[in-house]
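Trainee: Provided herewith is a single structure, encoded as structure tokens, for subsequent inquiry.
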Amino acid sequence: MPLIARIRRRREMTFLARTRRRLQKMSPYLSLALLLVPLLLVEPLKLVAVFIAGKGHWLTGTGMLIGAYAVSLLFVERLFRMIKPKFDDVRLVREIADLVYRVSRQSHSMGK
């Protein structure tokens, strides 16, 4: 056996790889519930940020809005991409996605 083959060992998975593997093994309904938790926290925070900015604290409101969008973009989007294949197993989610796709396609064709 060559020296390089003996030296090479399988490394431990990183924290993100282990987390991704666990998320991909979850059931579709549990994955959907897991996705709803950060969405239910981040989306109302955006509305609160707009309200605070409207009350005259525009710097605080803008900072909150930027922070909420950053969390939404960096965390929720990454989580969604990891568990998106699971949603094909949930009939209701698949039907809603098909409806949104059809409406989007029709609105684009009407604009031409």
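Trainee: So for M26, M64, fewest C-beta neighbours within 10 Å to most, what's the order?
Mentor: Neighbour counts put them in this order, fewest first: M26, M64.
Trainee: Treating the Cα atoms of segment 13-87 as identical point scatterers in vacuum, please give the log10 of the normalised Debye intensity I(q)/I(0) at q = 0.18 Å⁻¹, two decimals.
Mentor: Relative scattering, expressed as log10 I(q)/I(0), comes to -0.73.
Trainee: Moving to a separate point now. In what order do K46, K84, K25 fall by count of nearby beta-carbon atoms within 10 Å, going from fewest to most?
Mentor: By the 10 Å Cβ count, ascending, the order reads K25, K84, K46.
Trainee: Another question, then. Show that you can apply the helix-only estimate: for the chain, add -39,500 (n - 2.57) for every DSSP H stretch of four or more residues, divide by all residues, and state [θ] at 222 nm to the nearest 500.
Mentor: Calculated mean residue ellipticity at 222 nm is -24000 deg cm²/dmol.
No value in this document is a laboratory result; all are computed from the given coordinates. Since the structure is predicted, the reported quantities are computational estimates derived from the model, not experimental observations. Cβ coordinates were reconstructed from backbone atoms using ideal geometry, including for glycine residues, and neighbour counts include every protein chain displayed.
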